[in-house]
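Remarks on the structure that follows.
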Amino acid sequence: MRSYGLTDRGKICLAIILVVLIFVVPAVFLAVKAWNSSTPPPDNPSQSADDPSSDISSGPLPDDSGLDPHDPPESGNGEQGSFDPPVDPALDPPKFGPINLNPAAGTMLFLFSPELQDAVDEETVAMIGDFLKSPRNTSNARIAVEMPQISDEDTSKLITAVADAFSSHDVSIEKLAFATYQSDSVDESFEVKLLFFIDSYQK
């Protein structure tokens, strides 16, 4: 058999191959293994369990929670905290009832509505009792009942209602004197003025 010998050039190539096998290949293998086994860090690292704010969710609520963080707050239309705003008398004035009483001057003012009432309301009847206590209610005094120009039907209704109201205080219709006052317009309710006067023709 023919034997072969390694030349110096061959020895150098063999040495390079051994170095590659011993150092480079294991290094590449370990680098690939380490790369595959490593996991990227999460985008939002979880907060510490000791941090109390970690229990508060900043994300959207579950679909079945019945709440939407984007919904506007509910208005107080329930029983709790709800109320009806008070009605301003200037915007919604009464249709009938007492307005003013001045016993010293012997005058009284009330509203009457022929469309809404056939008789004087109870509050006005009670105020008429205070009106009769005026010092101007003397034995020779009469009571003037002044009203605007209204229809004959409404006039008859008012006279009957006022006479009945004074009759409940034992004042006869003969002591009443009905008159009219000038008014630019008459609504469904109007003012009725009461005042004491001395009838010079009364004996």
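Just so you know, all these numbers are worked out from the coordinates, no wet-lab data involved. Given the structure is predicted, the values throughout are model-derived calculations rather than measurements. Here the Cβ positions follow ideal geometry from the backbone for every residue, glycine too, while neighbour counts run over all protein chains shown.
Which residue, Ser168, Thr107, Ser185, has the largest displacement toward the positive end of the dipole of region 97-198 when charges sit on each Cβ (Lys, Arg +1; Asp, Glu -1)?
Farthest along the dipole direction, towards plus: Thr107.
Using per-residue counts of other Cβ atoms within 10 Å, averaged over each peptide, order 168-180, 133-145, 106-118 from highest down.
Working: 168-180: 11.8, 133-145: 14.5, 106-118: 17.9.
In descending order of packing, they fall as 106-118, 133-145, 168-180.
Just the Cα atoms of region 97-198: what Rg and Dmax do they give in Å?
Answer for region 97-198, Rg first and Dmax second: 12.7, 36 Å.
Can you give the Kirkwood hydrodynamic radius of region 150-203 from its Cα pairs, in Å with one decimal?
13.0
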